[in-house]
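Before any comments, here is the structure.
The values are calculated or read from the model by the stated rules, or taken from the named source; none is laboratory data. For clarity, every value in this text was computed on a predicted model and none was experimentally measured. Reconstructed Cβ throughout: ideal geometry from the backbone, glycine too, with neighbour counts over all protein chains shown.
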Amino acid sequence: MYHLYYTLESSAMCCHAALEEIGADYKLHSVDLLSSLPPEYLALNPNGKVPTLIHERDDGERLVLFQSGGILLYLADCHPEAGLAPPPGSSGRGLCYQWLAFLGEMVQQSYMMSYYPDRFTSNPDGVAAIDEKGGEWIDILLGQVDRALDPGPYFLGAEFSVCDLYLHTLSRWTPAGRHPFDRFANLARCAALVNERPAVQRMMAVHCE
Ligand SMILES: N[C@@H](CCC(=O)N[C@@H](CS)C(=O)NCC(=O)O)C(=O)O
């Protein structure tokens with residue numbers, strides 16, 4: 001049994017979609033990021049972020065995981081029959097590690113600079129410049145991903161993987177129309193393709209009713 005701690009339209013979307021792809025038994029637990037988080041949640045995820053996954057394993061262990069990239073790979077490993085990642089040791093798996101790390105460490109961080117610029121400086125006069133720089137980085141990095149998705153349609157060519165679920169989640173991060181994905185044809189095509197998957201549609205029905 002899995003427990004996913006989530007907030008609507010957050011990084012948890014890709015993990016939620018992966019649970020749907022697998023057809024696993026899971027429960028959703030809503031986390032209110034706008035209120036101060038209870039100590040019980042901070043004990044699970046000391047960063048005070050979502051997602052957090054708890055896996056009550058068949059061997060009796062209760063595993064707690066945070067960071068969506070790690071959660072996605074763990075789920076892919078526990079359920080190889082779902083075909084969410086190429087086998088460990090394959091070249092496809094290497095690329096899967098690369099792109100998940102790139103999306104999490106680089107692309108997501110540039111979004112953070114743009115949406116939470118005050119977190120990157122103690123100088124109030126520097127906030128606008130960090131937001132601007134974040135936007136520049138988003139363009140540079142999404143451009144790189146767009147080239148990697150040519151010819152695609154997925155990160156790993158013809159083979160769908162958890163990298164595409166992560167990308168689909170990032171494609172939703174366009175508050176007030178900022179940094180829209182449709183400037184990048186291959187990105188937009190990949191996100192649209194992922195969006196059509198029945199499992200992703202079930203996840204979207206919860207997050208974006
Ligand atoms: N790289 C992390 C990022 C998690 C993250 O930043 N989640 C956001 C929601 S999309 C969050 O919890 N934000 C609350 C905050 O930063 O205070 C992951 O993918 O799990």
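Couple of notes before you dig in:
- In this structure, Leu72 qualifies as within 16 Å of the ligand (Cβ to nearest atom), within 20 Å of Ala199 (Cα to Cα) and in contact with a Phe, Trp or Tyr (Cβ under 7 Å, 6 or more places away or on another chain).
- Residue within segment 112-123 that is among the aliphatic types (A, V, I, L, M), within 16 Å of the ligand (Cβ to nearest atom) and more than 18 Å from Cys190 (Cβ to Cβ) present: yes
- Note on segment 157-167: among residues that are in contact with a Phe, Trp or Tyr (Cβ under 8 Å, 6 or more places away or on another chain) and within 15 Å of Pro87 (Cα to Cα), the one that is farthest from the ligand (Cβ to nearest atom) is Phe160.
- Residues of segment 11-36 satisfying the condition of being assigned to a loop (DSSP other than H, G, I, E, B), more than 19 Å from Gly83 (Cα to Cα) and at pLDDT 95 or above: Ser11, Val31, Asp32
- Residue in segment 12-20 that is within 22 Å of Met204 (Cα to Cα) and among the charged types (D, E, K, R) present: yes
- Residue within segment 126-139 that is out of contact with any helix residue (DSSP H, G or I) (no Cβ under 7 Å at 6 or more places or on another chain) and crowded, with 16+ Cβ neighbours inside 10 Å present: no
- For segment 25-80, a residue qualifies if it is more than 17 Å from Ser10 (Cβ to Cβ) and of a type in the set (Asp, Glu), and the qualifying residues are Asp25, Glu40, Glu56, Asp58, Asp59, Glu61, Asp77.
- Where Phe181 falls short, out of the listed (1) on the phi < 0 side of the Ramachandran plot; (2) at pLDDT below 95; (3) surrounded by fewer than 20 Cβ atoms within 10 Å (Cβ to Cβ): (3)
- When residues in segment 68-104 are screened for being touching a helix residue (DSSP H, G or I) at 6+ places or on another chain (Cβ under 7 Å), surrounded by fewer than 19 Cβ atoms within 10 Å (Cβ to Cβ) and either free of Cβ contacts under 8 Å to residues at least 40 places away in the same chain or more than 24 Å from Pro46 (Cβ to Cβ) (or both), 5 of them pass.
- Considering segment 1-49, the residues that are among the acidic types (Asp, Glu) and within 12 Å of the ligand (Cβ to nearest atom) include one that is surrounded by the most Cβ atoms within 10 Å (Cβ to Cβ), namely Glu9.
- When Val31, Val107, Val64 are screened for being within 20 Å of the chain's Cα centre (by Cα) and touching a residue at least 40 places away in the same chain (Cβ under 8 Å), only Val107 passes.
- Residue that is at positive phi and over 12 Å from the mean Cα position of the chain (by Cα), where the choices are Gly83, Gly92: Gly83
- Residue match in segment 75-87 (condition: under 23 Å from Lys49 (Cβ atoms), of a type in the set (Asp, Glu) and away from the ligand (no atom under 16 Å from the Cβ)): yes
- All positions within segment 154-173 that are in contact (Cβ under 8 Å) with a residue 60 or more places away in the chain, more than 16 Å from Ser91 (Cβ to Cβ), not in a loop (DSSP other than H, G, I, E, B) and not aliphatic (A, V, I, L, M): Tyr166, His168, Thr169
- Among residues of segment 109-122, those that are at pLDDT below 95 and outside any helix (DSSP H, G or I), counted: 1
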